[in-house]
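These notes concern the structure reproduced below.
The values are calculated or read from the model by the stated rules, or taken from the named source; none is laboratory data. Source: prediction; values computed, not measured. Because the Cβ atoms are built from the backbone with ideal geometry, glycine has one as well, and the counts that use them run over all protein chains shown.
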Amino acid sequence: MYFIKLIRPINLAIIALTMYGIQFYIVTVFGRYQKIDAHAIDFFLLVFSTILIAAGGNIINDYFDVKADRINKPEKLIITKHIKRRWAIVTHWSFNGVAFLIAIYLSIKYQTLWLVFIHLLSINILWFYSMLFKRKVMLGNILIALLTGLVPLLVVIYFKVSNWNNPVFSPFDPATWSTEIDYTLVYYLAFFAFVQNLAREILKDIQDMKGDELIYVRSLPMAIGIDKSFLVVKLLLLVFPAFAILTGAFYLEELTSQSLTSIGIILLPYLIIILLNVMVIYLIKKTEGIKLSLYHNLVKLSMLIGVLSTFYFAYFLQ
């Protein structure tokens with residue numbers, strides 16, 4: 001049980017949901033009129049390797065954060081209390097080793113270096129984040145947010161390389177037909193994941209200030225103060241509503257041809273995310289611990305709804 005808690009199973013499940021949601025969206029929406037090579041086993045391996053790297057990152061982060069966690073969350077301390085440090089580091093490298101071997105297999109099969117490069121980059125970023133980057137103002141936050149945004153893009157890269165390797169074109173063989181997929185929604189999701197997670201990371205830094213001082217972390221709240229950090233969080237949470245309004249203005253002609261009920265049903269996930277973001281912005285007034293946990297959980301909920309939106313849009317666009 002302690003090992004399961006250490007690897008953050010809920011976060012890993014969200015990663016898997018994100019990747020399978022995008023796969024479902026692509027195959028459901030664009031697979032109606034063309035052949036799309038989904039390769040269920042290979043895609044599972046990609047998801048599994050991504051989860052292994054994320055789990056390894058969670059382990060190594062706790063490994064370097066033992067001193068801080070004794071202050072920030074002593075009831076959740078696992079390494080040294082329930083799991084020995086050496087077993088934590090062995091498990092970390094084992095997970096990364098298996099993930100990298102999977103990346104090599106997929107890269108050889110699909111004749112691309114992208115998957116090996118991304119896996120190797122992610123492993124190293126998570127290691128140096130835990131050891132060094134998180135101690136620099138905003139650098140660690142931005143890197144973790146970028147890795148979060150990279151998860152949807154990894155699925156795009158997979159579908160692109162898997163469909164580039166079709167046999168020579170033949171009008172009589174559907175397996176050779178070109179695949180045209182619009183990845184716009186996935187790009188939106190990646191951008192949304194980056195911005196929302198960056199806001200969440202700053203909120204987490206505000207929660208962890210006391211313990212972070214012990215391991216010489218120079219977080220944004222320490223550098224500019226809590227009030228200004230909350231202002232940054234508010235500005236980040238305003239990005240999605242502002243982006244949604246601009247996108248709505250761009251498609252105004254198409255939207256006006258629909259009834260308000262239809263628009264509300266189609267855009268329901270976006271409307272809920274906007275509501276949650278505005279709610280957090282409104283509620284941010286004090287720095288009490290229980291409120292910080294509430295803000296953090298609301299932002300996390302908005303990210304989960306964004307993840308599930310791929311299944312929702314696939315249903316309406318199929």
From the list ILE7, ILE51, ILE36, ILE83, which residue is of a type outside the set (Ser, Thr, Tyr), free of Cβ contacts under 8 Å to residues at least 60 places away in the same chain and either touching a Cys at 6+ places or on another chain (Cβ under 8 Å) or more than 14 Å from SER122 (Cβ to Cβ) (or both)?
ILE7
Among the residues listed as LEU246, LEU214, LEU271, LEU255, the single one being modelled with pLDDT under 85 and in contact with a Gly (Cβ under 8 Å, 6 or more places away or on another chain)
LEU255
State the number of residues belonging to the stretch 73-115 that are of a type in the set (S, T, N, Q), at pLDDT 90 or above and surrounded by 18 or more Cβ atoms within 10 Å (Cβ to Cβ).
3
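For (1) surrounded by 19 or more Cβ atoms within 10 Å (Cβ to Cβ); (2) over 26 Å from SER229 (Cβ atoms); (3) acidic (Asp, Glu), each residue gets a yes or a no:
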{"residue": "LEU120", "(1), (2), (3)": "no, yes, no"}
{"residue": "LEU126", "(1), (2), (3)": "yes, no, no"}
{"residue": "LYS134", "(1), (2), (3)": "yes, no, no"}
{"residue": "LEU139", "(1), (2), (3)": "no, no, no"}
Answer residue from the stretch 132-144, given it is among the aliphatic types (A, V, I, L, M), part of a helix (DSSP H, G or I) and over 18 Å from LEU12 (Cβ atoms) and is modelled with the lowest pLDDT among those
LEU139
Quick check on my filter: what residues within the stretch 28-63 are farther than 30 Å from ASP208 by Cα and either within 21 Å of the chain's Cα centre (by Cα) or of a type in the set (Asp, Glu) (or both)?
ASP37, ASP42, PHE43, PHE44, LEU45, LEU46, VAL47, PHE48
Expected output for the stretch 17-33 (first residue among the small types (Gly, Ala, Ser), partner assigned to a helix (DSSP H, G or I), Cβ below 7 Å, 6+ apart or cross-chain) is GLY21/VAL307; GLY21/LEU308; GLY21/THR310; GLY21/PHE311
